[in-house]
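In what follows, a structure is listed as structure tokens, so that the remarks can point back to it.
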Amino acid sequence: MRPDSPGKAAIPLWKRRQRMRALVRRAINLAIALVALFPILWGLSTSFKTTPELATFPPTLLPAHPTLEHYALLFRTGIERYMLNSVFLSAATVIGCLAFGSLAAYAMARVKFRGGNTLLLVIVALMSIPLPSLLVPTFTFLAQLGLLDSLTGLALLYIAYQLPIAVWVLYGYFLTIPIELEHAARVDGYSRFATLRKVILPLSGPGLVAAGLFVVTFAWNDFVVAVAMTSSDAVRTLPVAIYGYLGFYGREWGPLTASAILSTIPVIVVFIVFQRFFLGGMTSGGVKS
Amino acid sequence: MTTSVQFRGVTKRFGSAEALSALDLKVEPGEFVSLLGPSGSGKSTTLGLLAGLIEADEGEILIGDRIVNDIGPEGRDIAMVFQNYALYPHMTVFENLAFPLRARGRRRPESEIESRIAAVAHALGLPDLLHRYPRELSGGQQQRVALGRAMIREPKVFLLDEPLSNLDARLRIRMRHDIKALHAAIGSTIIYVTHDQAEALSMSSRIAIFDKGKLQQYASPFEIYNRPANIFVANFVGERETLFLDGAIATDPALCFRCRDEALAIRPGATNLGAVAGRPLKLGLRTEAVELVPADAPAAFPVTVSQIELAGPDIIVYATTGTGIELCCRVPANRPIARGDRLHAALVPEALHLFDPETGAAIALPALENSQGRREPAAAAFAYKDAVQRTA
Amino acid sequence: MSAQQSRGLTSRAVALAGIVASMITAGPLAAQTTVTMWTFLDPNKTSPREVALKEIIAGFEAANPSIRIKVEPQDFAQMPPKFFLGHRTGGNPDLVWIDAKNLGGLSQSGAGADLNALVTKAWSQADRDDFFVKAGWNAALKDGKLTAMPLFHGASVIYYRKDLLKAAGIDPASLTTWDALAAAAKKLTTDKDGDGRVDVWGFGMPLAAIKTESTPALIGMLDQDGGPFKGCKANYATPEGIKSLGFTADLITKDKVTPQEALVQNVDDITEQFTAGRYAMAITSNLRFSVIAKAAAFGGDNIGIIAWPSWSGKKPAPMPVSGWWIAAWQKSPRLAEAAKFIDYLASKDSIAKWMTVGGQVPIRKSLLDSPFLKQPANGWMTTMVDAWSTSSWMEPTECNTRTLQSALNEAVSRVVLDKVDPKAALQEAERKFADAQ
Amino acid sequence: MALPETADYWGSRPPQPLVMPRRRRPLLSADEIRAYGFVAPLVVLEILFVVTPLVIGFYYSLHRVDYFELTSFRGFDNYWRVLTSPMVLASLAATAIFAIGALILTLSVGLSLALYLEQDTRWNIFARAAALVPYVISMLVGSLLLRWIFSTDSGLVAAALGPFGLGDTTILADPTAAMGALIFNAGWRDSAFAMILLLAGLKSIPPQLHAAARVDGASAWYRFRHVTLPLMRIPILIAVVRLLIHFVNVLTFALVLTGGGPNGATQTMGLAMYRLGFLDARIGEANALAILVFLFNIVLIAINVVLFSERRRAAP
């Protein structure tokens, strides 16, 4: 740090401090990311280890001989079918929640009807019901409806579980849309439904994304409900398949981490793509309302 | 309790766009400087940089002798009034006024805080409102509270960011007056951002005009109005749009401006227009640069009145020349003029603004050596004052 | 999207998925009966037992071209309750695997078809007597009805590392008393790299409350007359019980041959760690032998199993019996085909497959002198056979024994962490057992 | 709910006749009927798949259930059994410690993250996305991975604490440390959820208020204490209630990370319910416990509802 070194001396002190601060901020951001991601990065590393290496002690941080054997095994045993089931189920849940959710949220946000306020409070209450306590009765009830062990039954359950939160987010979002727009549409002769479809929904992108992401996170990751309500291979979802690698006679860390990584990638991609909308939707909708 | 402010080659980029390029600006202690420009011109960026809310990419910012680039707003000893007042919604007026006093690290005795608030509240006519919340105040009252909050600490530099833009027209004129009185009373350096030229012209000791991130001109309101440094300034300042004509000064047979095959006669005056005769020019015409004259005046060209507008004591006459150039001028309202009248007009040499058509920069004229120069400021000053009143 | 559209799409996709699935499993032949079976094994996976199941199914289908076996792997914990419930609500598979703790539930629910009538009626007495683990056979027998057929038996056993014992000069045959076991474990607990931390522990036990195996706290009690149960009443707080619990806790606190972390480790953890070489001896299920042998870095032939020690050393403590049984759903429309498959599973050939491919101890006497068992690598199987033949013990199937191991494990925790008196800890465990009845 | 009834809104009342016919307001206006149509799918689905199972669960809780067969009516005996069971009582304490600890950790980390990452710079967006990953991936997988990191076998604990002479520390087998690990697991996953809720609240504070406070000379702490915190009161309270409900009921963390051990130190009510119902096959009692937990939730839910209404009133 010789003061006469030409490169350094040219940069004023305040600028160096400014840069230092920016660097420190970046370092902190990196540290946050590392703490959050470390376990997942370990899972990623593990998924590339050979089976013998998985059993060694102490465990290695990075695979000594990276291999794709676990991923290959997954595709040999038809994981793509479970993925397809999960994709279908997630899509059905998101579509159902957004369709029914925006109808209900619109009515609650814009139409005065008896019981509307009560319904709103009931929605908030429903959001907080713990699912595990409902499993056994749901199982018996679903069996009586003949919906056990079917994707339809599972999708209906998921929609019912996630509708309250979708309504909550959308309700908040709809309230932020200027009511004048809607008056204009109604003066122009649009019905309630057409107003919702042609005016409100096109303006609700961020709200729909926020609600959709909450819903998809649940539908894509749930194994508690799926494990209880389904049994046949044709309707097995990805999380249940992952859960299966926690086998009866010991965990199979290789396929377990590999399938976990496979299931994680799509959610992360979706979230990164929609992050801006997500926060936007939450900001102007769900919380502020 | 006053200090100078200086920008030295300050540049700020947002992404790849340069919001402010290489700004050099010095504000002397106790000055009232307006930063004037259209939205996106860099004036608010300049204020943000000075407040410390934005960090500069290049260059240095000084308050007094201190480089403040790496000092946060809390360490700069400044006060700021925000466009939307930024009153703390969860605090009463009293608490809002007390905030700057309590926020500073050093504890002040509550009695001192109370007496300061009482004084400021009295000065701004707020004593009855101290226990209300901001949402219970009118726009003008909120504005006063915001001012009071800025005053309470007696800062060295006052920053005002379009503080009047949310008020109605009359209130705005009154607040303008009050702020100016306030400046006279406390003598702090004030930096005032506005896009309203009337505010800038009526209050400032100097005006800095910005466009596209560049400082266009930095001078007294008088200079700005009467000697705009370039086409942008000439066009931006003034009651209504300035008319720009491409052509050249000719002295033969008489002094005139040749444009579109037409010779617009210029009445004799104190300026040495002949010095730039012949070269291509852009001529800027405001209303005061056109005069209605008798048909037999030494310099006159015929026009036809196309429209008239009442503007207070005057009327604005829109008139078309033979080739269809539309001029406008101001005459006292008692002159009987109607649409379709055929009249004569002449250009006023002292009120003409000449610019280089390539660079847009003003062309300076060598002054005439005779004594008639005295007349010029008086006439122009009248026009300037006039413009200020009318744009309000 | 309207509700009708969404539901329509759903049902169409379900139908599509069903068609795809049936194309995969049904094959080209049309006039076939498909028998569905729930098990925790997945024949598409590669563990020895799963391979054995696949081969057995292939053999059966070759012999019975008109019957297809479709396996639907299930979560092992939810499979039995789902089956019992499905008996009422419908939707059950034709066949299901049942573990020891659910045999009682099976007979109580009435979901299991009588296999005596369907299968063993046609057997000779010799055939029936061939199943030498009598406790396992009788457990599924109630009022003359056989509701489940044993497939293979399991037990919580002590695994050991031949190489490590040899290096320490310990003869596994000498570990007939608990004291000898503790002494050996002490010798085997070592810090190889000298960093002050133990690298290889002498004795590993799964002591978590979930996913348990039997530990010395229970096995030690079996030495007493009449065992730890009187009907469906637990009788733990006996002198033998107190001694057993104290011994187990001491392994952690006094002998320091078991890491304290064992208190939260389940049998999966212990198995993984034994496989990774963290233990010289450890308790896990004998059913896992083939999995461990396949994955162990130190080589499968270095693994041995000993019979349970006892207090006196005169005779080994009783070997517990658990394992898997197969049952047919009483309401199945394909009961005849299902019974055929059970018959095949119980055949000498299939049991031999479980032994040679699946690495399971054979449950038919007639297989005991097969050359496979004479191989040195399979010596552990002989150990198991001997232990079960000498003395075996099965949890009372008529009671809810689900809290048995977990409550005893919690009792160990109480003694180790809370320094509770063993007797009081056992009384707590007795209460837990009683509460569950 | 701002739109007045249509007829009044357009002011289109017919001229009043001399003799007023007795015209009653129809029971339901056309708009109301339409509104009921709009909320019908929601109401039907919730009644079918949430309310009905809740009622069935209550019915179960009054019986002895053996393998899903209701074998005898027990009245409220199951409740009594549950309330006097040492396992449940211990789990109550564990749940309280866990929920409060996790709440404090999650909320403080979430709030710090929200404050620190509020600006939409590229690096902040990256850090936010990374922090969100534990929340969006499966809870089961996340907890499994953390469990490995906390186990002595990973060697990470020894490596981290070895320099302090604590190389032999066992986290999962020590009741206090295991609870700490459980709380860490919750914080690791759910801080991002708190961050999102709070970030949304933060972003609704006009940025000029912060700028004003800075110019007024307020330090970062003073700004937080006197500007941010008072304006964030409702979003914070809502986050508190939502997280509390989640922590009181969550099962996966404890099930995967510690299995409730050691010695029941980390056995939360969710796990107790799971053990009773799924492991010990005591379904009547499990349902009784579920109903009791639900009643406790109702209290939290009521607070949530009250906060929600207050926020709606406060909104402009």
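The values are calculated or read from the model by the stated rules, or taken from the named source; none is laboratory data. Being a predicted model, the structure only gives us computed values, none of them experimental. Cβ coordinates were reconstructed from backbone atoms using ideal geometry, including for glycine residues, and neighbour counts include every protein chain displayed. Heads up: the accessible areas ignore ligands, DNA and RNA and are worked out on the full protein's heavy atoms, side chains in. Shrake-Rupley method; radii C 1.70, N 1.55, O 1.52, S 1.80 Å.
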Take peptides D:131-144, D:288-301, C:225-238 and line them up by average Cβ neighbours within 10 Å, highest first, as a rough protection proxy.
D:131-144, D:288-301, C:225-238
With all protein chains present and a 1.4 Å probe, the order of B:Lys214, C:Lys162, C:Lys254 from largest accessible area down is C:Lys254, B:Lys214, C:Lys162
With +1 assigned to the C-beta of every Lys and Arg and -1 to the C-beta of every Asp and Glu, and no other charges, what is the dipole magnitude of chain B about the Cα centre in debye, to the nearest 20?
780
Report, in order of residue number, the helices in chain A meeting two criteria: a C-alpha extent of 20 Å or more along the helix axis, and a mean Kyte-Doolittle hydropathy of at least -0.5; treat each whole DSSP H run as one helix.
A:13-47, A:79-110, A:151-175, A:205-221, A:253-281
Just to be sure I understand: of the beta bridges DSSP finds with both ends in the range B:5-236, what percent are antiparallel, rounded to 5?
50
Using a simple charge model, +1 on the beta-carbon of Lys and Arg, -1 on the beta-carbon of Asp and Glu, nothing else, what dipole does the range B:243-355 show about its Cα centre, in debye to the nearest 20?
100
Once phi is turned into θ = phi - 60°, what whole-Hz ³J(HN,Hα) does the Karplus curve with 6.51, -1.76 and 1.60 give for every residue of the range B:19-31, x standing for Gly and Pro?
7, 8, 10, 6, 7, 10, 7, 10, 10, 7, x, x, 6
Centre separation in Å (Cα based) which lies between the range D:74-98 and the range B:302-367
94
Among the range B:280-311, those whose backbone N falls under 14 Å of a label point 7 Å along Cα→Cβ from B:Asp356 are B:280-282
If you count only protein heavy atoms and use a 1.4 Å probe, how large is the accessible surface of C:Val291, to the nearest 10 Å²?
40
Over 19 Å between Cα atoms, which of C:Lys162/C:Lys365; C:Lys54/C:Lys353; B:Lys12/B:Lys214; B:Lys156/B:Lys180; B:Lys212/D:Lys203 qualify?
C:Lys162/C:Lys365; B:Lys212/D:Lys203
Percent antiparallel among DSSP beta bridges with both residues in chain B, to the nearest 5?
75
Averaged over residues of D:49-61, the number of beta carbons from other chains lying within 10 Å of each residue's Cβ is 6
With +1 on each Lys and Arg Cβ and -1 on each Asp and Glu Cβ, how big is the dipole of the range B:5-236 about its Cα centre, in debye rounded to the nearest 20?
300
Reference-scaled alpha-carbon Rg (2.2 N^0.38 Å with N residues) for the range A:158-212
1.22
Sorted by mean Cβ packing within 10 Å, highest first, what order do the peptides A:161-172, B:164-175, D:218-229 take?
A:161-172, D:218-229, B:164-175
Note on chain B: alpha-carbon gyration tensor, axes a ≥ b ≥ c; rule is a/c under 1.5 for rounded, else prolate if a/b larger than b/c, else oblate; result prolate
With angles folded into 0 to 90 degrees, how steeply does helix B:139-151 sit against the dominant principal axis of chain B? Use alpha carbons for both and round to 10.
70
Report Rg(Cα)/(2.2 N^0.38 Å) for the range A:70-285, keeping two decimals.
1.16
How much of C:Lys187 can a 1.4 Å solvent probe reach, expressed as accessible area in Å² and rounded to 10?
120
Order the peptides C:342-353, B:131-142 from the highest to the lowest mean number of other Cβ atoms within 10 Å of their residues.
C:342-353, B:131-142
Around C:Val96, under 11 Å between beta carbons, what's the net of Lys plus Arg minus Asp minus Glu among the other residues?
-2
Taking placed amide H atoms and a strict 5 Å upper bound, the residues 5 or more places from C:Ile303 or on another chain that come that close are C:Lys162
Just counting partner chain Cβ atoms within 10 Å, what average do the residues of peptide B:67-74 show around their Cβ?
6
Using the alpha-carbon centroid of each, what span in Å lies between the range D:179-246 and the range A:16-90?
30
Along the charge dipole of the range A:70-285, pointing to its positive end and built from +1/-1 on Cβ of Lys, Arg, Asp and Glu, which listed residue (A:Pro137, A:Leu175, A:Gly78) has its Cα farthest out?
A:Leu175
Of all DSSP beta bridges in the protein assembly as shown, what percent run antiparallel (nearest 5)?
75
Determine the calculated [θ] at 222 nm for chain A from helices alone, applying -39500 (n - 2.57) to every DSSP H run no shorter than 4 residues and normalising by the residue count; nearest 500 deg cm²/dmol.
-22500 deg cm²/dmol
Which one, D:Phe294, D:Leu276, D:Phe150, is farthest towards the positive end of the dipole of the range D:86-314 when Lys and Arg carry +1 and Asp and Glu -1 on their Cβ?
D:Phe294
So how do C:Asp143, D:Asp31 rank on accessible area, 1.4 Å probe, biggest first, that is with the largest at the start?
C:Asp143, D:Asp31
For the range D:237-242, just list the computed ³J(HN,Hα) in residue order, Karplus coefficients 6.51, -1.76 and 1.60, θ = phi - 60°, integers in Hz, with x standing in for Gly and Pro.
4, 5, 4, 4, 5, 5
Tabulate in residue order the Karplus-calculated ³J(HN,Hα) for the range D:249-259, using 6.51 cos²θ - 1.76 cosθ + 1.60 with θ = phi - 60°, rounded to whole Hz; enter x for Gly and Pro.
9, 5, 10, 4, 3, 5, 4, 7, 6, 10, x
Among the helices of chain C (complete DSSP H runs), which have Cα atoms covering no less than 24 Å along the helix axis and a Kyte-Doolittle mean of at least 0.0?
C:3-26
How large are Rg and Dmax for the protein assembly as shown when calculated on the C-alpha trace, in angstrom?
42.6, 146
Show the residues, 5+ positions off or on another chain, whose built amide H is closer than 5 Å to the amide H of C:Ile326.
C:Ile98, C:Met149, C:Leu151
Which Cα, out of B:Ser34, B:Pro127, B:Gln197, lies furthest along the positive dipole direction of chain B (beta carbon charges, K/R +1, D/E -1)?
B:Pro127
For C:Lys186, the aspartates and glutamates lying under 12 Å Cα to Cα, once residues fewer than eight places off in the same chain are dropped, come out as C:Asp250, C:Asp255
What relative contact order, as a whole-number percentage, does chain A give when Cα pairs under 8 Å and 6 or more residues apart are counted?
28
